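Asks: Have a look at this one before I ask anything.
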Amino acid sequence: MDNLLKKIRDTFSSVFQSRGGDQSIVGIDIGTSSIKAVQVRVKNGRAILETYGSIALGPYDSKESGAVTNLPTDKIVQAITDVLRESGITAPNAAISITSTASLIFIVELPASVTEKEFPTAVPIEARKQIPVPISEVSLDWWAIPKRQEAFEDPVVQEEGEQRAEKQNTQVLIVSILNDAIERYKIIGAGLGKNLSPFESEVFSSVRANSNRELGAVMVLDVGASKTKVTVVEYGVVKGFHIINRGSHDISASIATALNISFAKAEEIKKEFGLIGNAPDPSVSDIIRLSLDFIFSEAKTAMLEYERTNKKMVTKIILSGGGTLLKGFHEASKKHFSCEVVYGEPFAKTESPAFLANILKTIGPEFAISVGVALRDLH
């Protein structure tokens with residue numbers, strides 16, 4: 001674990017050691033290159049950040065830090081146990097997010113005549129049309145998306161709007177998660193000896209941590225190690241989701257291949273210089289920019305598809321995930337999108353010592369999923 005995080009852990013321990021009696025929970029984000037954990041608790045209706053930590057998975061697979069891994073369950077349990085110990089996390093309750101690669105998220109429309117009591121029959125029938133594996137191999141969950149009503153003071157106009165809403169087809173958000181993935185996460189949870197909350201897809205954890213229920217549509221651009229997730233959120237509801245098969249690991253791999261250097265050295269160069277220039281080899285920024293252009297292009301296509309289908313504009317893009325902390329990433333993203341681009345601040349939804357505000361703001365995008373899944377159980 002990073003020495004800085006050890007120091008922060010010690011700070012949190014001294015600040016909060018006198019406070020007790022409240023139920024705490026640890027939110028865990030199991031990525032392909034690292035694991036993030038955040039411990040929070042509720043006191044007087046407020047979410048209080050107690051401690052957090054991160055650990056690279058590469059060394060558990062005889063690889064460098066930052067490398068993408070595919071570890072067996074026992075190694076994952078070992079890594080989580082290590083990060084919990086190093087972070088001083090002791091909460092008996094845990095919430096774990098399930099990777100988006102093990103789930104499928106989509107929206108279907110049901111006739112207005114179908115009642116919610118009929119959803120358990122109607123939804124699986126529609127889901128079969130979208131899911132590429134037998135329905136018996138997945139677990140389904142769904143939510144009816146609230147119908148928009150016209151909000152006018154004139155009661156006649158308002159009544160007409162309500163009547164139109166009643167006649168509209170019902171949009172249903174469906175989440176399909178592979179049963180094998182659920183069983184794997186159950187085994188991981190059992191190995192930790194924690195009281196587990198129901199699992200949820202990392203997409204919803206990320207939205208909870210990053211979104212502030214803005215008026216209008218926003219897009220969360222979450223750049224991980226192996227994948228980039230694009231989620232469009234409208235009034236707090238997920239309205240679109242897309243996975244781009246490229247992430248921060250691919251950038252380091254491209255640098256390593258182009259310059260004929262080790263992955264570890266490429267990772268070091270990427271983190272130190274990013275897009276700001278002055279790298280040992282002037283081609284580094286071009287290599288990085290080429291990978292980012294692909295990600296931005298795919299994300300913009302997903303955004304435009306949402307705008308075309310829903311006839312609404314995306315008004316803001318929220319950057320999330322460790323990959324967005326690359327130097328120059330924010331500036332580069334603003335050149336590709338014609339709307340406001342900001343970093344997510346998941347730790348802003350918790351209370352913590354004021355002198356840590358800048359640090360937490362800087363590293364926040366990395367911990368969005370772990371913060372989000374922890375907050376679900378505290379709200």
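We did not get these values from a lab; they are worked out from the coordinates using the rules stated. The model shown is predicted, which means the values in this text are computed figures rather than measured ones. Please note: Cβ atoms are built from the backbone with ideal geometry, for glycine as well, and neighbour counts cover all protein chains shown.
Asks: Can you give the net charge of the other residues whose Cβ lies under 14 Å from the Cβ of LYS75, counting K and R as +1 and D and E as -1?
Replies: Numbers: positive: LYS63, ARG184; negative: ASP61, ASP74, ASP82.
Cβ neighbours under 14 Å give a net charge of -1.
Asks: Can you divide the C-alpha Rg of the chain by 2.2 N^0.38 Å and report the result to two decimal places?
Replies: Details: Rg = 21.7 Å, N = 379, 2.2 N^0.38 = 21.0 Å.
Scaled against compact globular proteins, the figure is 1.03.
Asks: When the convex hull of the C-alpha atoms of the range 212-343 is computed, what volume per residue in Å³ does it have?
Replies: On the way: hull volume 11.8 nm³, N = 132.
Here the figure is 89 Å³ per residue.
Asks: At q = 0.11, 0.16 Å⁻¹, work out log10 I(q)/I(0) for the range 269-379 with the Debye formula, treating every Cα as an identical point scatterer and leaving solvent out; two decimals please.
Replies: Result of the Debye calculation: -0.46, -0.88.
Asks: Which trypsin sites (Lys or Arg not before Pro) does the range 13-116 hold that lie in a coil by DSSP with at most 14 other beta carbons within 10 Å? Kindly include the intermediate steps, with their values, before the conclusion.
Replies: Values: sites: ARG19, LYS36, ARG41, LYS43, ARG46, LYS63, LYS75, ARG85; in loops: ARG19, LYS63.
Sparse-neighbourhood loop trypsin sites (Lys or Arg not before Pro): ARG19.
Asks: So for the chain, averaging the separation of alpha carbon pairs under 8 Å that are six or more residues apart and normalising by length, what relative contact order in percent results?
Replies: Numbers: 700 pairs, mean separation 74.7, N = 379.
Here the relative contact order equals 20 percent.
Asks: Just going by the charge dipole of the range 302-379, with Lys and Arg at +1 and Asp and Glu at -1 on Cβ, which of PHE329, SER370, LEU360 is farthest out on the positive end?
Replies: The Cα lying farthest towards the positive end belongs to PHE329.
Asks: Can you give the % of DSSP beta bridges in the chain that are antiparallel, to the nearest 5? Can you show the working numbers first?
Replies: Numbers: 46 of 66 bridges.
Of those bridges, close to 70 percent are antiparallel.
Asks: Let me ask you something else. What does the highest-first list of 119-130, 234-245 look like by mean Cβ count within 10 Å? Let's see the in-between values first.
Replies: Numbers: 119-130: 14.2, 234-245: 18.5.
Listed from highest to lowest mean packing, they are 234-245, 119-130.
Asks: Assigning unit charges at the beta carbon (Lys, Arg +1; Asp, Glu -1) and nothing else, what dipole magnitude in debye, to the nearest 20, does the chain show about its Cα centre? Please report the intermediate quantities before stating the final value.
Replies: Working: 42 positive and 46 negative charges, 112 e Å.
About 540 debye.
Asks: Placing +1 on the Cβ of each Lys and Arg and -1 on the Cβ of each Asp and Glu in the range 171-293, which of SER197, VAL238, LEU178 has its Cα farthest towards the positive end of the resulting dipole?
Replies: In the range 171-293, that residue is SER197.
Asks: What order, most packed first, do the peptides 270-282, 192-204 have when packing is the mean number of other Cβ atoms within 10 Å of each residue?
Replies: Details: 270-282: 14.8, 192-204: 18.5.
So the order, starting with the most tightly packed, is 192-204, 270-282.
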